[in-house]
Amino acid sequence: ADPTAYFDAVIAADGKIEPRDEMPEAYRKGLIRQIAQHAHSEIIGMQPEGNWISRAPSLKRKAILLAKVQDEAGHGLYLYAAAETLGIDRAELYRLLLAGKQKYSSIFNYPTLTWADVGAVGWLVDGAAIVNQVPLCRCSYGPYARAMIRICKEESFHQRQGYEILYTLATGTPEQKAMAQDAVDRWWYPSLAMFGPPDTDSTHSAQSMAWKIKRFSNDDLRQKFVDMTVQQAGVLGLVLPDPGLSWNEERGHWDYTQPDYDELFTVIKGDGPCNRERMAHRQAAWDDGAWVREAAMAYAEKKKVTT
Amino acid sequence: ADPTAYFDAVIAADGKIEPRDEMPEAYRKGLIRQIAQHAHSEIIGMQPEGNWISRAPSLKRKAILLAKVQDEAGHGLYLYAAAETLGIDRAELYRLLLAGKQKYSSIFNYPTLTWADVGAVGWLVDGAAIVNQVPLCRCSYGPYARAMIRICKEESFHQRQGYEILYTLATGTPEQKAMAQDAVDRWWYPSLAMFGPPDTDSTHSAQSMAWKIKRFSNDDLRQKFVDMTVQQAGVLGLVLPDPGLSWNEERGHWDYTQPDYDELFTVIKGDGPCNRERMAHRQAAWDDGAWVREAAMAYAEKKKVTT
Amino acid sequence: MTGVDDVLALGDDALIAAQRLAEWTTNAPELEEDIALANIALDLLGQARLLLTYAGELEGEGRTEDDLAYLRGDREFRNVQLVELPRGDFADALVRMLFFALYQRELYDGLVIGDDARLAEIAAKAAKEVAYHVDHSTLWTLRLGDGTPESHRRAQEAVDRLWPYTHELFEGDVPREGWLAAVDAVLAEATLTRPSDEDSRFRPTGGRKGVHTEHLSYLLAEMQVLHRAHPGASW
Amino acid sequence: MTGVDDVLALGDDALIAAQRLAEWTTNAPELEEDIALANIALDLLGQARLLLTYAGELEGEGRTEDDLAYLRGDREFRNVQLVELPRGDFADALVRMLFFALYQRELYDGLVIGDDARLAEIAAKAAKEVAYHVDHSTLWTLRLGDGTPESHRRAQEAVDRLWPYTHELFEGDVPREGWLAAVDAVLAEATLTRPSDEDSRFRPTGGRKGVHTEHLSYLLAEMQVLHRAHPGASW
């Protein structure tokens, strides 16, 4: 039998590929790359928000933020587990991350400068992530699709929390409202850039579409995010920093100014404001923990021997 | 000639012993111990005040405090230099300090909890130090006496600054005044204890008196400090935390309650609130600086060879 | 009747312990531990909120949990010094958690059957959480103590460094015997040595009266900065 | 006419540099260096006070040096990011001082002969101080770069880490050529390699517009905590 016949049939029938199924090597490799990048993004993404846990302005907000960052670690775990079903282990993925051989989402290379950034990250960054990720809940690789279902549920919870932070600020004191507007001013374009380069410049996309990993083009997803966000910004009473925003009756969508893709590539290549610090932080945590991981292994080894 | 004849004659004539002069071994050793302890106190004493440099409440106070702590480092330098004239080098004295073989003043093992502590340390601790040290300006060992003259001048400047901090607080807001009173409450008895155990229990004293290193008894100096301080506290409008304070017409001095000498001995033995932290801090700075000192030596060596 | 300061003491212990533990977020030696430490910090933060709210009610001046957490200076905090010590290494964190969780177990066990119904209710909820903290810190104390020579050394150093600060936990009504027996059992299995009471004359104290180490005011400066910069604002 | 923001930029550079440098007090590798670093921090603090006072006067809203130092948030600070980076090791401190002092030398040399008499006066005083900072940091860069293999490695790492942040110094009117030549001469003698302009696409910026690294708000939280806790008080 043709070894790819089953795979092709499942994909054609919109079914799920499972770990034990045969699959094209490029499908497997592409998925590992994508899931790993997604997992790394959750882990590195803990840093910009973690930056405000110690300073959260109320105990309730502190608890919510701490729980959120914890959820991100949890998402990292599911995703590394999903990647492991493709025959690679977490330690190796970590190594590739720290060696700069695998990427994470560039959005986390921007600094969180004020408390309002925690709100803006929740509202805009998680919002953009959800738009990107919801289609992945139907992606053709079973373990990834199932991980995404759980993650998307939590992400939309996080997005609501971010929105709520901004709403409280936007309806608070003049200083709080200014803080909220400032955060939106800084996070808007980087959030738009999260959908990747315009379709005309995008690599990987066509094959991913065919394999039903990706289901919508970058530009379609970006438009969806813009349409959704413009409406919410109105409710918040905050201004999106794009003078070109206008409703296009004909298209039935909002026209908007594209983000600066040169900046995006600069960040992707490692030269964003925080790339070096994010990686150095992760590396330091990893190095500092080496003796602990060794102790845990040595102890487990002893217990195996003596019991 | 009797090798100690010159020494004895100089002491008898209230003259100065200089480094090249012959001197009894016990005199030399005792002086090294005392000067080293004094030098170590300046160095360790930088920590409790240094604790507030980053948080000083005005730029002017920050500059004054930074300059004061710098002066203490300078005092340490003069005193180590004075000790070195007795044939021991600074590195060895450092080693003895870090090994716990030489002491520093126990007062620096109390924490500085608020900004007012910076004032109280200046007023009470420097005040007590000055009462202790002024007689040392006339001590029989020349280099020590000369170092003390310079140090006492700067110390009285520091004491005035501390007094001024407290005065500003005591005449400031109710919170500031409470902060000042709280600091005085905590620093009063430890400052009294700086004069050492009562004369009845004091070791070393008799010989030091005979050699004109020490010139007044612990209790005399303590009384002098109390008399001076009671009067200043009145001007500040702060209460010294001793209900037993009362003017003794007959003695012409203030009666006061003795400090808790058990507590003093606990601190001297290493079990005060901050002994461990002060030593750990100094040790860490020393260890962290090792590669720097090595580099400076290696560079000096190279320059010697090549020029 | 329960005093405000007694409840503040419990609330401040939990709050400051949570704040220190949360510093581990993104710094833990493995992902599972990032999650576990955040979980425990969340439990402690939850206890702190209930306790501070109750303390505010007892006080009767309308102060909320946030007023008490954000608008007091270090001289007004009532926590023991153990929980405010700097983060230290992973051995510090887990040995400290062991000492503190075992203390909290004794504490809450007592409150559950005590006279104050409100505290009994808080304690009943917290006791379940603390049981997990005890398990988690016990497991790690064993792993570190009986792991590698380096982990043993670090764990022993943590025990020696932190031990003096445990005496302050028992200045109140919580009996030390049960705690000591539980600690001894874990340390013994972990091949760690517990400093003898005779040798340890260094017994820092003062936290319950607002006399802290120099570390607490830095912790509070960071924790309170944003709240204090916007007086009266809602978040 | 000189703008408020221009003077604030200079004052904030000096203030934040002083605050970071003062963190070395009691932590220097030798006593002489404790004194030297405190001295240089004092010089910078003095410059900051003159400059902030002048900025307040230019602004004309009655703000004093302390209002400007203690009552602005990090988004209102105008310093370059170079001076706010964490303390780092001794090589970081001295290489940073070299880069910054050589920049300040160019800066003040320009101001001394500039149109603004007040700035010229401040610059004339500061220039003498900066000459010492240049000497001191040059000496240490040589010692570290050409000292031991470890010190060479650390010095080179400091150069590589800090270099990207030097570009922001030259976004204003200060010319880069003289600075670059001076830096090159010191680094070459110190056997250190300067990153080429072609290789360094990472050029962090934003400080002059109040966009800083995540470190500045922590520094300010600590620096301002006491002043802000007592609104309107005198010290």
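For a quick check of your reading: which helices (runs of 4 or more DSSP H) sit entirely within the stretch B:233-307 and have at least 3 residues that are crowded, with 17+ Cβ neighbours inside 10 Å and at pLDDT 95 or above?
The helices (runs of 4 or more DSSP H) meeting that bar are B:275-288, B:290-306.
Among the residues of the stretch C:194-235, which ones are at the interface with another protein chain (Cβ under 9 Å from one of its Cβ atoms) and basic (Lys, Arg)?
Within the stretch C:194-235, C:201, C:203, C:228 meet the criteria.
What number of residues within the stretch B:44-83 satisfy the criterion of being of a type in the set (D, E, K, R), crowded, with 24+ Cβ neighbours inside 10 Å, touching a helix residue (DSSP H, G or I) at 6+ places or on another chain (Cβ under 6 Å) and facing chain D (nearest Cβ under 7 Å)?
Within the stretch B:44-83, residues that are of a type in the set (D, E, K, R), crowded, with 24+ Cβ neighbours inside 10 Å, touching a helix residue (DSSP H, G or I) at 6+ places or on another chain (Cβ under 6 Å) and facing chain D (nearest Cβ under 7 Å) number 0.
Just one of (1) under 14 Å from residue D:98 (Cβ atoms); (2) small (Gly, Ala, Ser); (3) within 14 Å of another protein chain (Cβ to nearest Cβ) trips up residue D:181, so point out which.
The single condition residue D:181 does not satisfy is (3).
Kindly establish whether residue A:223 is touching a Lys or Arg at 6+ places or on another chain (Cβ under 9 Å), polar (S, T, N, Q), part of a helix (DSSP H, G or I) and at pLDDT 95 or above.
yes
Would you call residue C:166 among the β-branched types (Val, Ile, Thr), away from chain A (no Cβ under 14 Å) and surrounded by 15 or more Cβ atoms within 10 Å (Cβ to Cβ)?
The answer is yes for residue C:166.
Criterion first (farther than 24 Å from residue B:109 by Cβ and out of contact with any Asp or Glu (no Cβ under 6 Å at 6 or more places or on another chain)) does residue B:22 satisfy it?
Here the answer is yes, as residue B:22 does meet what is asked.
Looking at residue C:138 and the list (1) closer than 23 Å to residue C:179 by Cα; (2) away from every other protein chain (no Cβ under 13 Å); (3) open to solvent by 10 Å² or more (accessible area, probe 1.4 Å), which single condition is not satisfied?
Of (1) closer than 23 Å to residue C:179 by Cα; (2) away from every other protein chain (no Cβ under 13 Å); (3) open to solvent by 10 Å² or more (accessible area, probe 1.4 Å), only one is false for residue C:138: (2).
Among the residues of the stretch B:18-57, what is the count of those that are in contact (Cβ under 8 Å) with a residue 24 or more places away in the chain and either under 23 Å from the mean Cα position of the chain (by Cα) or assigned to a helix (DSSP H, G or I) (or both)?
Within the stretch B:18-57, residues that are in contact (Cβ under 8 Å) with a residue 24 or more places away in the chain and either under 23 Å from the mean Cα position of the chain (by Cα) or assigned to a helix (DSSP H, G or I) (or both) number 26.
Checking the condition in contact with a Ser or Thr (Cβ under 8 Å, 6 or more places away or on another chain) and open to solvent by 10 Å² or more (accessible area, probe 1.4 Å), which residue from D:200, D:234 passes?
D:234
Run down B:157, B:216, B:195 and say which single residue is of a type in the set (Phe, Trp, Tyr), open to solvent by less than 30 Å² (accessible area, probe 1.4 Å) and over 21 Å from residue C:75 (Cα atoms).
B:195
Here is a yes/no grid of residues against (1) of a type in the set (Lys, Arg); (2) farther than 30 Å from residue B:265 by Cα; (3) surrounded by 16 or more Cβ atoms within 10 Å (Cβ to Cβ):
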site: C:170; (1), (2), (3): no, no, yes
site: C:183; (1), (2), (3): no, yes, yes
site: C:189; (1), (2), (3): no, yes, no
site: C:208; (1), (2), (3): yes, no, yes
site: C:217; (1), (2), (3): no, no, yes
site: C:222; (1), (2), (3): no, yes, yes
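Looking at the stretch B:262-296, which of its residues are farther than 24 Å from residue B:194 by Cβ and in contact (Cβ under 8 Å) with a residue 24 or more places away in the chain?
Scanning the stretch B:262-296 gives B:283, B:286.
One line per residue, one yes/no per condition, for (1) within 13 Å of residue D:10 (Cα to Cα); (2) under 15 Å from the mean Cα position of the chain (by Cα); (3) among the basic types (Lys, Arg):
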| position | (1), (2), (3) |
| --- | --- |
| D:49 | yes, yes, yes |
| D:63 | no, no, yes |
| D:72 | no, no, yes |
| D:76 | no, no, no |
| D:81 | yes, yes, no |
| D:103 | yes, yes, no |
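Go through (1) within 24 Å of residue D:186 (Cβ to Cβ); (2) surrounded by fewer than 22 Cβ atoms within 10 Å (Cβ to Cβ) one by one and return the number of the condition residue D:114 breaks.
That leaves (1) as the condition not met.
With the structure loaded, tell me whether residue A:123 is within 11 Å of chain C (Cβ to nearest Cβ), buried (at least 22 other Cβ atoms within 10 Å of the Cβ) and either of a type in the set (D, E, K, R) or within 27 Å of residue A:192 (Cα to Cα) (or both) or whether it fails that test.
So residue A:123 fails the test.
In the stretch C:134-178, how many residues are β-branched (Val, Ile, Thr) and under 29 Å from residue C:115 (Cβ atoms)?
3
Does residue A:99 satisfy the condition of being within 18 Å of residue A:167 (Cα to Cα) and out of contact with any Pro (no Cβ under 6 Å at 6 or more places or on another chain)?
In short, no.
Return yes when residue A:150 is open to solvent by 20 Å² or more (accessible area, probe 1.4 Å), touching a residue at least 12 places away in the same chain (Cβ under 8 Å), more than 14 Å from chain D (Cβ to nearest Cβ) and out of contact with any helix residue (DSSP H, G or I) (no Cβ under 6 Å at 6 or more places or on another chain) and no when it is not.
yes
Which of the residues spanning the stretch A:94-106 are touching a Gly at 6+ places or on another chain (Cβ under 8 Å) and either open to solvent by 30 Å² or more (accessible area, probe 1.4 Å) or closer than 18 Å to residue A:73 by Cβ (or both)?
A:100, A:104, A:105 - these are the residues of the stretch A:94-106 that are touching a Gly at 6+ places or on another chain (Cβ under 8 Å) and either open to solvent by 30 Å² or more (accessible area, probe 1.4 Å) or closer than 18 Å to residue A:73 by Cβ (or both).
Has the stretch B:197-209 got at least one residue that is modelled with pLDDT of 95 or more and in a helix (DSSP H, G or I)?
There is no residue in the stretch B:197-209 that is modelled with pLDDT of 95 or more and in a helix (DSSP H, G or I).
The values are calculated or read from the model by the stated rules, or taken from the named source; none is laboratory data. All values reported here derive from a predicted model rather than from experimental measurement. Glycine also receives a Cβ, built like all others from the backbone with ideal geometry; neighbour counts cover every protein chain displayed. The accessibility values were calculated without ligands, DNA or RNA, using every heavy atom of the protein model including side chains. Shrake-Rupley method; radii C 1.70, N 1.55, O 1.52, S 1.80 Å.
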